[in-house]
1. Exactly one of (1) within 30 Å of Ala107 (Cβ to Cβ); (2) modelled with pLDDT of 95 or more; (3) in a loop (DSSP other than H, G, I, E, B) is unmet by Ala185. Its number?
2. Identify all residues within region 73-97 that are modelled with pLDDT under 95, buried (at least 16 other Cβ atoms within 10 Å of the Cβ) and among the hydrophobic types (A, V, I, L, M, F, W, C); write none if there are none.
3. Does Glu208 fit the bill of being part of a loop (DSSP other than H, G, I, E, B), surrounded by fewer than 15 Cβ atoms within 10 Å (Cβ to Cβ) and without any contact (Cβ under 8 Å) to a residue 60 or more places away in the chain?
4. Please work out which residue is modelled with the lowest pLDDT, limiting yourself to region 1-21 and to residues that are among the aliphatic types (A, V, I, L, M) and closer than 10 Å to Ile41 by Cβ.
5. Within region 26-53, restricting attention to residues that are of a type outside the set (Asp, Glu) and more than 18 Å from the chain's Cα centre (by Cα), which residue is surrounded by the most Cβ atoms within 10 Å (Cβ to Cβ)?
6. Can we say Ser60 is surrounded by fewer than 24 Cβ atoms within 10 Å (Cβ to Cβ), closer than 29 Å to Ile180 by Cα and of a type outside the set (D, E, K, R)?
7. Of all residues being in contact with a His (Cβ under 9 Å, 6 or more places away or on another chain) and without any contact (Cβ under 8 Å) to a residue 40 or more places away in the chain in region 224-240, which is surrounded by the fewest Cβ atoms within 10 Å (Cβ to Cβ)? Just the residue, please.
8. Among the residues in region 277-286, are any polar (S, T, N, Q), surrounded by 16 or more Cβ atoms within 10 Å (Cβ to Cβ) and assigned by TED's automatic domain parsing to the domain that holds Asn73?
Amino acid sequence: MDYDEPKRIDLHIHSTASDGTLTPHEILLLAEQLGISAISITDHDTMEGSEQAVLYKKSSSLEVITGVEISSNPPFSLPSTGSLHILGYGIQTNHSGLKKALDRLQAARKNRNPQILEKLASMGISITPEEILETVGPGRIGRPHIAGVLIARGIVKDMDDAFDTYLGKNRPAYIDKYRIACEDAIHLILHAGGIPVLAHPGIIRTSEPDGLETLVETLKEMGLMGIEVYYPGHSDTQTKLYLQIARKNDLLVTGGTDFHGGMHPDIQMGSGRGDTFIPYSLYEKLIQKLS
C-alpha cells in the first residue's frame with residue numbers, strides 16, 4: 001500500500017452469511033490486498049458475518065467495526081416503495097433483543113424461498129435448493145442466489161433481468177417478505193449500543209418531491225444518527241443533496257459499496273465501479289460517536 005495515498009474505507013459489505021459470495025475471512029484478506037483501512041460487514045438481518053470478521057481481525061491490521069443491515073417497513077405516515085434498509089454500526093453482537101429480532105427476520109427469509117421456488121415451478125422452471133448451492137456456492141439462500149441459477153441456465157441474461165422478469169416486486173415469482181417497523185430497527189440498534197444509519201437513500205422512492213428529506217427528519221426523531229451518502233449508485237447530484245440533508249439534520253455521513261463479491265461483479269470493494277472514494281475521516285467520526 002502506498003501510504004501517501006488517502007486512506008479509504010468501505011462500510012457496506014456482504015458475506016456468505018447473507019447474499020455475498022466471499023466468506024468473512026476472504027473479505028478481510030481482499031480488503032488488505034486492496035489497501036482499504038477500515039471495513040464493516042453488514043449482512044442482511046444477521047450479525048454472523050460481522051462476528052466472524054471481528055474474530056479474524058485479531059490477526060489483521062485492518063480496522064473492523066461490527067455491522068448489520070436490517071430490512072424494515074417505512075413509517076406509516078410516509079410510505080415509500082419497498083423496504084427501508086437501516087444499517088447498524090458498533091453493535092454489541094451478543095445483545096439478546098437484537099439477536100431475537102434478527103432470528104425472526106432470518107426465519108422469514110428462509111420460509112420465503114420455498115414459496116418463490118413454487119411460483120417458478122408453476123411457470124415450468126423447477127429449481128431445487130441443492131441446485132442453488134451447487135451453482136452459487138455456500139451461503140444463506142435468497143433471491144440473488146435463485147437469480148444465479150436462472151442466469152447459469154440461460155433463462156435470463158443477468159441479475160437485473162432475473163429481477164425484472166421473475167423475482168422483483170410485482171413480478172410473477174415475487175413473494176413479499178416480513179419486515180420490522182423502521183422505528184423498531186432503529187431502537188434495536190440503539191439499545192445494542194450501535195449507530196443507526198439510513199442505507200442508500202438514492203434507491204428510496206417517495207411520493208413527494210421533498211419526501212426523502214421529510215423521511216430523514218422523521219427517522220431522526222426516531223433516533224436515526226446517520227446517512228449513507230457515498231454509494232456507487234448515487235450520482236454526483238444525489239451525493240451533494242444527501243450531504244446537505246445530513247448537515248442540515250446534524251447526522252453522521254457514512255459510505256460503502258454494497259459489495260457482494262461475484263453476485264455483483266461490477267462492484268469492487270472500496271471503489272465501487274472505480275469512482276467511489278469513501279474517506280477514512282468518516283470512520284473516525286463514527287468511532288468518536290461510539291466512544
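The values are calculated or read from the model by the stated rules, or taken from the named source; none is laboratory data. Please read all numbers here as calculations on a predicted model, not as lab measurements. Note: ideal-geometry Cβ built from the backbone for every residue, glycine included; neighbour counts use all protein chains shown.
1. The one condition Ala185 does not meet is (3).
2. Matches in region 73-97: Leu78, Leu84.
3. The answer is yes for Glu208.
4. Looking at residues that are among the aliphatic types (A, V, I, L, M) and closer than 10 Å to Ile41 by Cβ, I get Ala17.
5. Restricting to residues being of a type outside the set (Asp, Glu) and more than 18 Å from the chain's Cα centre (by Cα), the top hit is Ile36.
6. no
7. Per the stated criteria, the residue is Gly233.
8. The answer is no; no qualifying residue exists.
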